[in-house]
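Working notes, beginning with the structure itself.
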Amino acid sequence: MHNLREFEVWFITGSQHLYGDEILKQVDSDSKRIAAFLDASETIPCRVVFKPVVKTPDEIQNVCVEANSSPDCAGLITWMHTFSPAKMWIAGLSLLNKPFAHLHTQFNRDIPWDQIDMNFMNLNQSAHGGREFGFICSRLRKDRKVIVGHWQDEAVLKALDTWMRAACAWSDWQGMKVARFGDNMREVAVTEGDKVEAQKQFGYSVNGYGVGDLVDAVNQVRNDQIDALVAEYRSLYSIDISEAQSETVRQAARIEAGMRHFLTAGGFKAFTTTFEDLHGLAQLPGLAAQRLMADGYGFGAEGDWKTAALVRAMKVMAAGMKGGTSFMEDYTYHLDPSDMKVLGAHMLEVCPTLAGDKPMLEVHPLGIGGKADPARLVFCAPEGRGINVSLMDMGNRFRMIANPCRVVAPNAPLPNLPVARVLWKPEPDLKTAAAAWIIGGGAHHTGFSMALTKEHIADFAEIAGIEYLLIDEDTTIPGLKKDIRINEMYYALATGLK
Ligand code: MN
């Protein structure tokens, strides 16, 4: 799984030479203390690295260039301890291509009422230093997160945590390779898209591989590798298979081992399969997709590379958090007007990080694809908060839609449903949420998480520079339609400017 301590966020403090060396020494030591505090905080997922206080245009430009070229640097936290005249920031910010959060904080939490003098005022000028910095960011049209409050306040740390997770996922996307085994499911629209535009916008590349190359890797798997995987299955899952089906499970293990080898050797972080292109594979890789997702790979079925990349990003964002993250599909509805909800599942491929109890390993027929009965893990998600996220190519832009939900228990056992499943009630209610999702063009495939919140997704969409539609308890259909019309105009103009 992912370790966000592999990522650095640089702590950059702005000042100037106007105040003399004594004040600058104080600024320097205060900044070091804040950076060290953040780095040590249990709430903060990344390393926070102090960088020397910047006081001139050259120093600012140099640190921005250094950040751009550092592969470990996922983003910057900027703080204006004193006033930092912001024309000094134009060159650096114009060059900067890493995300940044403006921490609008102050070293002292409280005004020292009986001691405050002009020395204190000159040292602690964030209230107006932050505004000067904010103006130039807005003037340069730089998207960034602004976080206000004292740096030891838990709400501030949580906001930084959320933004850092999004910045790490973005960093992980840069240079990421997505492997497609076969092409798209034929005639399906929403899973298609412009892979060149995606690489330009998102930084990851998507390339196709003949399923025969995967079959080669699968055929090279040794019996002892299969034995080891089957032993692992027996230790992790309840196994409910007949003697005759044990060979099917061994075939699934063979596919998993071959796929792992292919993905590791090629340095891939996400992949897609399609049931329409399985030539030479004994069965659809269901168990393999489930277990690779559990190890942090992004996955999309039916060639859905946008969702595969999205699931990867959501898994990086959710690293170390409670609750699973998976590829998902809105499958079928419960339309009782007093209790409307969605049953989410897929043919096979739901990530077992979502399992409430020990998953069952089972073998059942699959109605489509014309291959042998595939092995799969069957389980139910526990109750709790969840979110569905979708990414679509709208022709002139990418759109992300997010919809928080409440995961609920099934009304009764589902003894004949041989797939992993999640039952949820979307915000604000199913009627509004489904209508809004459909009006927004949201896909049937999603990234689904019981760890992430709408704040993570909003931060990620902003860093990615794409359209973001949120469907939550404040959503109304007329309001959403108005947002979409305004966005159409905005992106038509913005596209014309690039
Ligand atoms: Mn599907």
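The values are calculated or read from the model by the stated rules, or taken from the named source; none is laboratory data. Every value quoted in this text rests on a predicted model; they were computed, and no experiment measured them. Every residue, glycine as well, gets a Cβ built from its backbone with ideal geometry; the counts of neighbours run over all protein chains shown. These accessible areas exclude ligands, DNA and RNA; they are computed on the full protein's heavy atoms, side chains included. Shrake-Rupley method; radii C 1.70, N 1.55, O 1.52, S 1.80 Å.
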(request) Taking H placed 1.01 Å from N in the peptide plane, check which residues at least 5 places from Leu469 or on another chain put their amide H under 5 Å from its amide H. (result) Met400, Ile401, Ala402
(request) Keeping all protein chains in position, work out how much accessible area Arg186 exposes to a 1.4 Å probe, and write it in Å² to the nearest 10. (result) 150 Å²
(message) At a 10 angstrom cut-off on C-beta neighbours, averaged per residue, how do the peptides 299-308, 351-360, 258-267, 481-490 rank from highest to lowest?
(response) 299-308, 351-360, 258-267, 481-490
(request) Determine the distance separating the Cα centre of the range 373-437 from the Cα centre of the range 25-79; give it in Å without decimals. (result) 39 Å
(message) With θ taken as phi - 60° and the coefficients 6.51, -1.76 and 1.60, list the Karplus ³J(HN,Hα) couplings across the range 396-413 in order, rounded to whole Hz; mark glycine and proline as x.
(response) 10, 5, 9, 10, 10, 10, 10, 9, x, 8, 10, 7, 10, 7, x, 5, 7, x
(message) How much of the DSSP bridge set in the range 396-498 is antiparallel, in percent, rounded to the nearest 5?
(response) 50 percent
(message) How large a share of the accessible area of the range 307-383, in percent, is made up of carbon and sulfur atoms when the probe is 1.4 Å and the other protein chains stay in place?
(response) 53 percent
(message) Taking the Cα centre as origin and putting +1 on Lys and Arg beta-carbons and -1 on Asp and Glu beta-carbons, what dipole magnitude results for the range 373-456, to the nearest 20 debye?
(response) 100 debye
(request) Taking the Cα centre of the chain as origin, sum charge times position over the Cβ atoms of Lys and Arg (+1) and Asp and Glu (-1), and report the length of that vector in debye to the nearest 20. (result) 700 debye
(message) To make sure I understand the rule: partners must be lysines, Cα under 18 Å from the Cα of Lys177, and not fewer than 8 residues away in the same chain. Which ones qualify?
(response) Lys195, Lys200, Lys269, Lys306, Lys315
(request) For a quick protection proxy, order the peptides 273-283, 139-149 by their average other-Cβ count within 10 Å, most packed first. (result) 273-283, 139-149
(message) Run the numbers for Asp472 and Asp143: contour at 0.36 nm per residue of separation, minus the present Cα-Cα distance, in nm.
(response) 116.1 nm
(request) Select from the range 31-131 those chymotrypsin sites (Phe, Trp or Tyr not before Pro) which occupy a DSSP coil region and have at most 14 other Cβ atoms within 10 Å, ordered by residue number. (result) Trp113
(request) Can you pull a Stokes-Einstein diffusion coefficient for the range 352-460 at 20 °C (1.002 mPa s), Rh from Kirkwood over Cα pairs, as a whole number of µm²/s? (result) 135 µm²/s
(message) Going by average Cβ density within 10 Å per residue, which order do the peptides 470-476, 424-430 take, highest to lowest?
(response) 424-430, 470-476
(message) Suppose all protein chains stay in the model; what accessible area per residue would a 1.4 Å probe give for the chain, in Å²?
(response) 43 Å²
(request) Enter the Cα centre distance for the pair the range 165-207 and the range 304-343, rounded to the nearest angstrom. (result) 18 Å
(message) Given Cβ point charges of +1 (Lys, Arg) and -1 (Asp, Glu) and nothing else, what value in debye, to the nearest 20, does the dipole of the range 271-366 about its Cα centre take?
(response) 480 debye
(request) For the range 472-483, just list the computed ³J(HN,Hα) in residue order, Karplus coefficients 6.51, -1.76 and 1.60, θ = phi - 60°, integers in Hz, with x standing in for Gly and Pro. (result) 9, 5, 8, 6, 10, 5, x, x, 5, 4, 5, 4
(message) If you split all Cα-Cα distances of the range 259-383 into 5 Å bins from zero, what percentages do you get per bin, shortest first?
(response) 2, 10, 19, 23, 21, 14, 7, 3, 1, 0, 0
(message) I'd like to know which of Leu391, Ala372, Leu343 lies farthest towards the positive end of the charge dipole of the range 321-403, counting +1 on Cβ of Lys and Arg and -1 on Cβ of Asp and Glu.
(response) Leu391
(request) Averaged over every viewing direction, what's the projected area of the C-alpha convex hull for the chain? Give it in nm², one decimal, please. (result) 25.9 nm²
